[in-house]
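Q: Here it is, the structure, as structure tokens.
The values are calculated or read from the model by the stated rules, or taken from the named source; none is laboratory data. Keep in mind that this is a model prediction, so the values were computed, not measured. Using ideal geometry, Cβ is built from the backbone for each residue, glycine included, and neighbour counts are taken over all protein chains shown.
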Amino acid sequence: MSGGMSEAGQLKRSIHCPRCNSLHPHWNRAVAPALHVTPGQKFTLDSPDASNGLLGRNSTEADISKIDFRQLDPLCGPIYVEGAEPGDALMLEILDLELGNWGWTGLLPDFGLLDDQFPEPFFRGFDLAQGYAELFGERFALQPMLGVLGVVPAQDGDFASITPTRAGGNIDVRYITRGAKLYLPVFNKGALLSGGDGHALQGEGEISGTAIEAAMSATIKVELIKQRHLRAPFADISTKPYVETEYRDFLGIGPDLFTAARDAVRFAVDEMAFSLKVEPFEAYAVLGMIGELRIHEIVDKPNWVVGCMVPRRLFGTSR
């Protein structure tokens with residue numbers, strides 16, 4: 001800091017992307033930059049929720065069943081970083097994340113780890129003003145994070161905003177929150193950086209397909225690292241804001257890692273429904289917000305072990 005200016009004062013000096021009211025649905029290097037920044041500069045992306053405003057406080061299951069996937073995860077940008085060339089890397093420091101005052105979660109058609117087992121739509125809204133979400137009688141503090149942050153891939157053409165790639169994008173790493181640093185490879189002149197998909201609370205893996213989706217203003221500082229030649233993104237993160245330490249861990253075991261993950265989640269869903277006396281689809285939806293998928297073991301052939309970890313406090317004294 002300089003001149004005695006507070007960090008809050010510094011954040012106010014960031015520049016806002018001027019195209020956040022006319023978002024783009026794909027990564028494409030033919031899209032003209034919305035903003036030019038220089039290394040070391042701060043900028044702010046103002047993004048709507050993942051539905052691009054198609055869902056609101058009065059929405060229902062009928063609305064989510066008709067959602068247009070082509071409009072999901074709209075991108076704010078692109079941001080042209082002066083001096084960035086293919087083979088360089090960007091370092092993006094998340095300075096601040098400001099949530100909107102309302103969010104939603106739900107089950108979308110043909111989307112989520114167990115979409116074939118839970119085909120019926122589900123929708124629930126959340127008032128975010130109190131700083132927590134109440135789930136099955138337990139309060140979980142909101143943990144704002146940015147689901148989408150990336151650059152345009154090297155190839156021509158459209159790349160869906162909802163698909164992660166080596167260029168970043170919809171990586172949904174829940175630790176990309178205030179204070180995190182994300183490093184991205186550069187594939188095009190100017191990097192052409194975009195972001196969006198704000199979450200108020202997301203589990204590890206975004207199991208059901210959605211977290212608590214919310215509008216968000218993200219203030220970011222960009223630095224340029226010449227000739228870094230990254231093979232994929234990496235991040236400097238902290239797990240400290242996530243305070244859960246006691247879990248019930250449901251295991252999926254088998255020769256296919258993806259199937260083992262599905263088995264672990266289904267096990268967790270059924271046990272939550274039994275213990276909490278709720279519908280299985282409700283348990284499944286909640287896992288997108290607070291469940292944690294972990295690879296526990298991947299070396300003892302032919303079977304691998306995946307755990308679906310659920311905060312133990314949800315189960316009370318149940319066995």
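Q: Checking Ser47 against (1) at pLDDT below 95; (2) out of contact with any Cys (no Cβ under 8 Å at 6 or more places or on another chain); (3) farther than 13 Å from Leu192 by Cα, which single condition isn't satisfied?
A: If we test Ser47 against (1) at pLDDT below 95; (2) out of contact with any Cys (no Cβ under 8 Å at 6 or more places or on another chain); (3) farther than 13 Å from Leu192 by Cα, just (2) comes out false.
Q: Still on this structure: Of the conditions (1) touching a His at 6+ places or on another chain (Cβ under 9 Å); (2) farther than 18 Å from Ser47 by Cβ, Met216 clears all except one; give me its number.
A: For Met216, the exception is condition (2).
Q: Consider Pro109 carefully, then state whether it is within 22 Å of Ser59 (Cβ to Cβ) and in contact (Cβ under 8 Å) with a residue 40 or more places away in the chain.
A: Yes.
Q: While we're on this one: Taking the residues in the range 232-258 that are more than 24 Å from Tyr132 (Cα to Cα) and touching a helix residue (DSSP H, G or I) at 6+ places or on another chain (Cβ under 7 Å) as candidates, determine which candidate is surrounded by the most Cβ atoms within 10 Å (Cβ to Cβ).
A: Filtering first and then ranking leaves Gly252.
Q: Let me ask something else. Look through the range 47-62, keep the residues that are buried (at least 17 other Cβ atoms within 10 Å of the Cβ) and farther than 16 Å from Phe126 by Cβ, and return whichever of them is nearest to the chain's Cα centre (by Cα).
A: Only one residue tops the list, namely Ser47.
Q: Please determine whether any residue of the range 4-19 is at pLDDT 95 or above, exposed (fewer than 11 other Cβ atoms within 10 Å of the Cβ) and either out of contact with any helix residue (DSSP H, G or I) (no Cβ under 9 Å at 6 or more places or on another chain) or closer than 24 Å to Phe187 by Cα (or both).
A: Scanning the range 4-19, I find no residue that is at pLDDT 95 or above, exposed (fewer than 11 other Cβ atoms within 10 Å of the Cβ) and either out of contact with any helix residue (DSSP H, G or I) (no Cβ under 9 Å at 6 or more places or on another chain) or closer than 24 Å to Phe187 by Cα (or both), so the answer is no.
Q: Could you tell me how many of the residues in the range 121-159 are surrounded by fewer than 16 Cβ atoms within 10 Å (Cβ to Cβ), small (Gly, Ala, Ser) and either in a strand (DSSP E or B) or not assigned by TED's automatic domain parsing to the domain that holds Leu224 (or both)?
A: 1
Q: A follow-up question, please. Are any residues in the range 63-103 hydroxyl-bearing (Ser, Thr, Tyr) and either at pLDDT 95 or above or crowded, with 22+ Cβ neighbours inside 10 Å (or both), and if so, which ones?
A: Tyr80
Q: Determine which single condition Val306 fails, assuming it passes every other condition in (1) of a type in the set (Val, Ile, Thr); (2) outside any strand (DSSP E or B); (3) more than 14 Å from Leu135 (Cβ to Cβ); (4) within 22 Å of the chain's Cα centre (by Cα).
A: Condition not satisfied by Val306: (2).
Q: Name the single residue that is farthest from Gly209 (Cα to Cα) among those in the range 91-116 being out of contact with any helix residue (DSSP H, G or I) (no Cβ under 7 Å at 6 or more places or on another chain) and in a loop (DSSP other than H, G, I, E, B).
A: Asp116
Q: Restricting attention to the range 259-293, report how many residues are surrounded by fewer than 17 Cβ atoms within 10 Å (Cβ to Cβ) and more than 24 Å from Gly106 (Cβ to Cβ).
A: 1
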